[in-house]
Amino acid sequence: MKTRITELLGIEYPVIQGGMAWVAEHNLAAAVSEAGGLGIIGAGGAPAEFVREQIRKVKEATDRPFGVNIMLMNPEADAIAQVVVDEGVKVVTTGAGNPSGYMEMWKRAGVKVIPVIASVAMAKLMQRGGADAVVAEGMESGGHIGSLTTMALVPQVADAVEIPVIAAGGIADGRGFAAAFMLGAEAVQIGTRFVAAAESIVHENYKAMLIKAKDIDSAVTGMTTGHPVRSIRNKMTREYLRLEQEGADFMELEKLTLGSLKKAVVEGDVVNGTVMAGQIAGLVKKEQPCREIITEIMEQGMALLGRTYGTGHIE
Ligand code: TUI
């Protein structure tokens, strides 16, 4: 299947992996790229030199294109922005902020820049600044979210910009894939389903909680701090939401979540840690290799789109 995104990135299938902090490390990124999608290293809050090592490990594992996601609240974002240039990374996605300050250096180095945005205004600003595409991410997503749903955001962004749009948030199978294309997207970004991939290094407790989760099992904390984060409901989210309701200040709330994603992903503490996942978690029922995940999504997605997009077979 060819779209402007597969052409831009030199990938087989229009499936991009989410840049999930702690989760999207070299094993997962290489597996997604080897399966024909775009694997992404999620820099999250990691130091720049750690990100450099991750990049080198993906290069050793695959000759296929891959990218790096830079979480812009990371205090080392400047250094990571330089590392991707030095290491010759071809694609950067960004999250949780405005990457305008890095656009010129990346464009000059020939890096394809794909900001994740949650509004039409931000999409337009990114296009003006030279972005090659945008990821329009709805609030169904796990982790740090905006306020619009994927269904409302994607068509409005697709109408507002000429650059290609990648849909994200609530997409985990061929139905979501086909729906995203109906809304005007030319690729999808998938996070939650890849958390349960066989190649994903998240702690078994995290995977088990995700696989068990139902449609209504996520909660959004941080609505009052301006940094809303979706994760699977547990002792931490209940405590956080209670404190928020009582009007607790930012510092008090921060204490609950400092290092809490690592606690869940690495240590497997899914009681006190932050188990980030999207609303589509209920659809993720088993652990599967990335190749199987992508093939399933493409077969089902193309069969559905076949009614409007040719044969319905993967080419
Ligand atoms: O970035 C994400 N998702 C994330 S980042 C993350 S790490 C983290 N951990 C704990 C607390 C907070 C973050 C976990 N999940 N998705 C992309 C995304 N970006 N969603 C929304 C946005 C966004 C929000 C505001 C993009 C731009 C923006 O602009 C604000 C501005 O600066 O104008």
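Key figures for this structure:
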{"item": "Centroid-to-centroid separation of the stretch 193-233 and the stretch 67-138 [C-alpha atoms, Å]", "result": "25 Å"}
{"item": "Lys/Arg +1, Asp/Glu -1 at C-beta; the stretch 1-129 dipole; positive extreme among W106, A118, P75", "result": "A118"}
{"item": "As computed over the stretch 204-280, the Cα convex hull volume per residue (Å³)", "result": "74 Å³"}
{"item": "Scaled radius of gyration (Cα, divided by 2.2 N^0.38 Å) that the chain gives", "result": "0.93"}
{"item": "GluC sites (Glu not before Pro) restricted to the stretch 207-286 and DSSP loop, no more than 16 other C-beta within 10 Å", "result": "E246, E267"}
{"item": "Unsatisfied cross-links (Cα-Cα over 24 Å) in the set K57/K255; K207/K235; K59/K107; K212/K263; K2/K286; K2/K112", "result": "K57/K255; K2/K286"}
{"item": "The stretch 52-122 - charge dipole about Cα centre, Lys and Arg +1 at Cβ, Asp and Glu -1, debye rounded to 20", "result": "240 debye"}
{"item": "Total charge dipole magnitude, the chain, about the Cα centre, Cβ charges on Lys, Arg, Asp, Glu only, Debye to nearest 20", "result": "340 debye"}
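A short reminder: the numbers here are calculations on the coordinates, not readings from a lab. Predicted model only: the values in this text are computed from it and were never measured. Reconstructed Cβ throughout: ideal geometry from the backbone, glycine too, with neighbour counts over all protein chains shown.
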